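Here's the structure we're looking at; comments come further down.
The values are calculated or read from the model by the stated rules, or taken from the named source; none is laboratory data. Model, not experiment: these values are computed from the prediction. Neighbour counts run over all protein chains shown; Cβ positions are idealised from the backbone, glycine included.
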Amino acid sequence: MKMVKSLILGSAAGLLAMSGAQAADLPVKAKAVEYVKICSLYGAGFYYIPGTDTCIKIGGYVRVDTTFNGGIFDQPAWNGNLGQQNRLRDYYAARSRLAFNIDTRTATQYGVVRTFGQANFNLNSSNGEGPGVAGTQTLGVDLVFIQFAGFTFGKSASAYATPWQAYPGNNSSFLLGGHDDVVGTNNIQYTAQFGNGVSGTIGIDDPYYNRTSLLNVGVGNPATAITAGANAYSGARAPDIVGNIRVDQAWGLFQISAAAHEVAGSYNLLTAGAANNLSEISGHPDSKWGGSVMAALQLKNLPTGAGDDIKVDVSYAKGATKNVINTAPSFAMFGNTGRAGAYQSIGFGQTADGVYLPALLGGPTNGDIKLVDAYGIRGAFNHNWDPFWSTSLFGAWAAVRYTGSATDLTTAKGQWCANYNAGKGAPGGATLSLDYTCNPDYNISQLGLVTRWTPVANLTFSAEAMWFHLDQKFTGASTLTTTAPKPVTVYEYKDQNAVSLNVRVQRNF
């Protein structure tokens, strides 16, 4: 028995010795090295750049959408072939976009140093304007800026802007009634935090972003069927001066913004807005400063449900019309008519910051710039039905006003109408009806509804319907030479409408 026991123990010892020897011969697995480390200082998605104390976040989205009876990103059919509703227009317009952004942040003794940039890669299967413009590929650089010690340098949102820009609850990139520079503008600004959610920002912006047109309605700048004069802005002379005071609280946000914008003309004597050899000796109008103000309000914690809110802003501008008509279109829409002898109806609105009639030959005008007024309101109510479904009801209203009387050449309206009426004959003649009146003022209205379905996180399907109304102020009818393919014939001046439908799918990452 002792012999058997000794044999078993000896065998076990031998096996252990052999296994130990074999284990010693195997390679030792190296400890994993953590090359990428999570950075929790600035929220989800940030990582330390290896070997540095800088955190980086890479993100973006892929968006595919199609608009029916409108341009890309749900632009209403308010001008061009779409406004004419002719056979050259596309019945739908589509765009595919890849947006890619990089956000880096580093903690320093001066606070966080941040850099941010976003680029968009786009393929437009159509923009709604018909043959010859389909299949265009574009690269857009939206935002590129550096933030340091309260300062922002680069292409960023203006200090004048609200956090939601022109998107209180809509898909459309063409909701009017207030400021919009969601793709940024070149600027320098400084933000001060006063505590308890109160902050203030002041900055200077590139003035080109905030321009529409300065109309020279003098000799050499003839009217068309839908415009008077020609754009005669000078080169940039001074930046826009902008700022805001903001209160951010649990209940929402309140903000007051203001902007100052210089309206400066090039020369008195131009040819269709372009300089000629007599321009420099013809002189120029004195510059004028215009500006705008905006009040914005967001209300959260509504009794209608978790996450619901209301966003609204109200704007007034004088000589800074783009802070109300933010995409700066000039409207030209055609429709049906019940007027005897008229081919169709037309409604149009020319967007401008100011008007001047050079005093080259003397007369009642002194050649100074008359600034154009504009005001508007826009907003949305956003409701969440459940974690997967949401709906937004949004709208806007805006007005553009050329001051004065159509018969007073010392006013903006009188000078505009004198240019527009020139060559059209006398009321009751071959080109103007007896009930014709000239008035370049106009209003716009928009109303829309968008519903979204988010079946999984960061993937959203949505559908948006929007109505656009142009309330023009002309009366009567006139023989007009319109853009082809429209014929030269009699058109009735009349308000116009357009309805568009946008469908979209977007995946954020």
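From the list F68, F73, the one residue that fits, being under 25 Å from N497 (Cα atoms), under 16 Å from the mean Cα position of the chain (by Cα) and touching a residue at least 40 places away in the same chain (Cβ under 8 Å), is F73. When the range 76-108 is filtered for residues that are assigned to a loop (DSSP other than H, G, I, E, B) and within 19 Å of the chain's Cα centre (by Cα), the ones remaining, listed by number, are A77, W78, N79.
One line per residue, one yes/no per condition, for (1) small (G, A, S); (2) part of a loop (DSSP other than H, G, I, E, B); (3) in contact with a strand residue (DSSP E or B) (Cβ under 7 Å, 6 or more places away or on another chain):
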residue	(1), (2), (3)
V312	no, no, yes
S315	yes, no, yes
A342	yes, yes, yes
S345	yes, no, yes
F348	no, no, yes
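Can you tell me which residue in the range 393-424 is modelled with the lowest pLDDT, limited to those that are over 30 Å from V314 (Cβ atoms) and small (G, A, S)? The extreme case among them is G423.
Determine whether the range 483-494 contains at least one residue that is under 30 Å from D373 (Cα atoms), surrounded by 19 or more Cβ atoms within 10 Å (Cβ to Cβ) and of a type in the set (K, R).
Going residue by residue through the range 483-494, those that are under 30 Å from D373 (Cα atoms) are 483, 491-494.
Narrowing further to those that are surrounded by 19 or more Cβ atoms within 10 Å (Cβ to Cβ): 491-494.
Cutting the leftovers down to of a type in the set (K, R) gives us 494.
Within the range 483-494, one or more residues are under 30 Å from D373 (Cα atoms), surrounded by 19 or more Cβ atoms within 10 Å (Cβ to Cβ) and of a type in the set (K, R).
A single member of G150, G154 is in contact with a Phe, Trp or Tyr (Cβ under 6 Å, 6 or more places away or on another chain) and within 17 Å of D240 (Cα to Cα), and it is G154. Against the test of being at pLDDT 95 or above, crowded, with 20+ Cβ neighbours inside 10 Å and out of contact with any Pro (no Cβ under 8 Å at 6 or more places or on another chain), the options P440, P455, P387 yield a single qualifying residue, P440. Pairs are defined by a Cβ separation below 9 Å, a sequence spacing of at least 6 or placement on different chains, a first member in the range 89-105 that is under 14 Å from F73 (Cβ atoms), and a second member that is among the β-branched types (V, I, T) and at pLDDT below 95; the pairs so defined are A93/I72; A94/I72; R95/I72.
The single condition among (1) surrounded by 16 or more Cβ atoms within 10 Å (Cβ to Cβ); (2) closer than 30 Å to Y420 by Cα; (3) without any contact (Cβ under 8 Å) to a residue 40 or more places away in the chain that T227 does not meet is (3). When residues in the range 313-333 are screened for being in contact (Cβ under 8 Å) with a residue 60 or more places away in the chain, of a type in the set (A, V, I, L, M) and buried (at least 21 other Cβ atoms within 10 Å of the Cβ), 5 of them pass.
Close Cβ contacts (under 6 Å, 6 or more residues apart or on different chains) running from residues in the range 344-356 that are in contact (Cβ under 8 Å) with a residue 24 or more places away in the chain and surrounded by fewer than 24 Cβ atoms within 10 Å (Cβ to Cβ) to residues that are acidic (D, E) and assigned to a strand (DSSP E or B) comprise S345/E492. Given the conditions (1) at pLDDT 95 or above; (2) surrounded by fewer than 21 Cβ atoms within 10 Å (Cβ to Cβ); (3) in contact with a helix residue (DSSP H, G or I) (Cβ under 8 Å, 6 or more places away or on another chain), report the number of the one that T212 does not fulfil. The single condition T212 does not satisfy is (2).
All conditions in (1) surrounded by fewer than 18 Cβ atoms within 10 Å (Cβ to Cβ); (2) in contact with a helix residue (DSSP H, G or I) (Cβ under 9 Å, 6 or more places away or on another chain) hold for G283, with the sole exception of (2).
How many residues, within the range 361-401, are outside any strand (DSSP E or B) and within 28 Å of S172 (Cα to Cα)? Even if it seems obvious, please write down each step before you answer.
Taking the range 361-401 as the starting set, the residues that turn out to be outside any strand (DSSP E or B) are 361-369, 372, 385-388.
Still in the list and also within 28 Å of S172 (Cα to Cα): 372, 385-388.
Adding up the residues that qualify gives 5.
Out of G265, G197, one residue alone is on the phi > 0 side of the Ramachandran plot and at pLDDT 95 or above. It is G197. Residue count for the range 166-191, restricted to those that are crowded, with 22+ Cβ neighbours inside 10 Å and within 18 Å of I444 (Cβ to Cβ): 11.
Looking at T403, is it of a type in the set (S, T, N, Q), under 24 Å from N439 (Cβ atoms) and in contact (Cβ under 8 Å) with a residue 12 or more places away in the chain? Even if it seems obvious, please write down each step before you answer.
Details: of a type in the set (S, T, N, Q): yes; under 24 Å from N439 (Cβ atoms): yes; in contact (Cβ under 8 Å) with a residue 12 or more places away in the chain: yes.
Yes.
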